[in-house]
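This report refers to the structure that appears directly beneath it.
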Amino acid sequence: MKQKVSWGRKLELKFALKRKEDFQEFAGISLRKLPGDCLAIMKLLHRCRPRVVVELGSALGGSSLMIASWAEHLGLEEIVSVDIQDVPRPSHPLIKFIVGDSSSPDIVQKVHDLVAGRPCSLILDSNHLATHVLQELELYHDLVGKGQALIVEDTLVDVLNFKKFRGAGGPLRALKEFLPRHPDFVGAEGIEPYVTTNFFGYLIRK
Ligand SMILES: C[S@@+](CC[C@H](N)C(=O)[O-])C[C@H]1O[C@@H](n2cnc3c(N)ncnc32)[C@H](O)[C@@H]1O
């Protein structure tokens, strides 16, 4: 796993964050992603053509709603999105919001039951502490079949050395532990944007 990020890319990202470009909305619902990452996710999902997308970390539901709007192009049947917080979220026929801790056994079981063996891509965007992300990777990676996507968001907290993550590490630290044990997950070619919050986070299962 190549892990060098140029100073230019870090600087561009800092400027983008300063301008709050990661505070977006989709159809009026808050969406916490850079525009380039939204398109990168769309491009990767289109390449993988999942029938289900599992998202851990719904927030207010903007990202699920955005993915649901691509359903016709992706051939997508369902989005299963989990969040620990019970807040009002948009209703959409393709989205199943689940409230609970993504690392709890009953939620893991519920998500697996809903996916029911269908081709599935997985997006990790909940608690970004390395221990939690590693747990999610171990608990959910089996959902991601051959040729499907694993998207691990907000590795910027490691790359930009965010204070809150200095000791514990973030998603990139989790990936560094996970990938040597799971060499069938590899970086997806030509997906990661120059300005991204998800360095090394666009993966595909060989
Ligand atoms: C970065 S936000 C998600 C952003 C959303 N995917 C988007 O793009 O707009 C992280 C979310 O993870 C949720 N979260 C934190 N810890 C969690 C856990 N253990 N299980 C499930 N969700 C969790 C938080 O409540 C928060 O809404």
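Each reported figure results from applying straightforward, stated rules to the coordinates on display, with no laboratory input. In this text, all values refer to a predicted model and were calculated from it rather than measured experimentally. Neighbour counts run over all protein chains shown; Cβ positions are idealised from the backbone, glycine included.
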Spacing of the two label points (7 Å from each Cα toward its C-beta) at ARG49 and THR131, in nm:
4.2
If amide hydrogens are placed 1.01 Å from N in the peptide plane, which non-local residues have theirs closer than 5 Å to the one on GLU55?
VAL80, SER81, VAL82, ILE123
For the chain, calculated [θ]222 nm from helices alone, where every DSSP H run of n ≥ 4 adds -39500 (n - 2.57)
-10500 deg cm²/dmol
Can you tell which of GLY100, VAL152, MET66 lies farthest toward the positive end of the dipole of the chain, using +1 and -1 charges on the Cβ of basic and acidic side chains (Lys, Arg; Asp, Glu)?
VAL152
Taking r as the C-beta separation of ASP106 and GLU189 and R0 as 35 Å, the FRET efficiency to the nearest 0.05 is 0.40
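Give me the number: length gained by fully extending LYS18 to LEU39, i.e. 0.36 nm times residue separation minus the C-alpha to C-alpha distance, one decimal in nm. Display every interim value, and only then the final one.
On the way: separation 21, 0.36 × 21 = 7.56 nm, distance 2.07 nm.
Contour length minus the Cα-Cα distance gives 5.5 nm.
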Evaluate the charge dipole of the range 23-205 about its Cα centre and quote only its size in Debye, nearest 20, assuming +1 on the Cβ of each Lys and Arg and -1 on the Cβ of each Asp and Glu.
300
Assuming 1.567 mPa s and 4 °C, estimate D for the range 132-206 with Stokes-Einstein, Rh taken as the Kirkwood radius over Cα pairs, in µm²/s.
102
Counting only C-alpha contacts under 8 Å and six or more residues apart, can you give the relative contact order of the chain as a whole percent?
21
Give me the distance between the Cα centres of the range 60-113 and the range 145-205, rounded to whole Å.
21
For the chain, set up a Gaussian network in which alpha carbons nearer than 10 Å are linked by springs, and say which option among SER121, SER58, SER69 fluctuates the most.
SER69
When the Karplus curve 6.51 cos²θ - 1.76 cosθ + 1.60 is applied with θ = phi - 60°, which whole-Hz ³J(HN,Hα) does each residue of the range 94-99 get, with x for Gly and Pro?
8, 9, 10, 8, 10, 9
Average the reciprocal distances over every distinct pair of alpha-carbons in the range 23-205, invert the result, and give the Kirkwood radius in Å.
16.1
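Using a 10 Å cut-off around each Cβ, can you sort HIS112, HIS132 from fewest to most neighbouring Cβ atoms?
Lowest count first: HIS112, HIS132.
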Longer than 21 Å from Cα to Cα, which of LYS10/LYS206; LYS110/LYS176; LYS20/LYS176; LYS43/LYS206; LYS14/LYS164 are they? Say none if no pair is.
LYS10/LYS206; LYS110/LYS176; LYS20/LYS176
Isotropic mean projected area of the C-alpha convex hull, the range 90-173 (nm²)
6.6
What range in the chain is the longest one free of chymotrypsin sites (Phe, Trp or Tyr not before Pro) that are in a loop by DSSP and have at most 13 other Cβ atoms within 10 angstrom?
24-161
Give me MET66, MET42 sorted ascending by neighbouring Cβ count inside 10 Å, so fewest comes first.
MET42, MET66
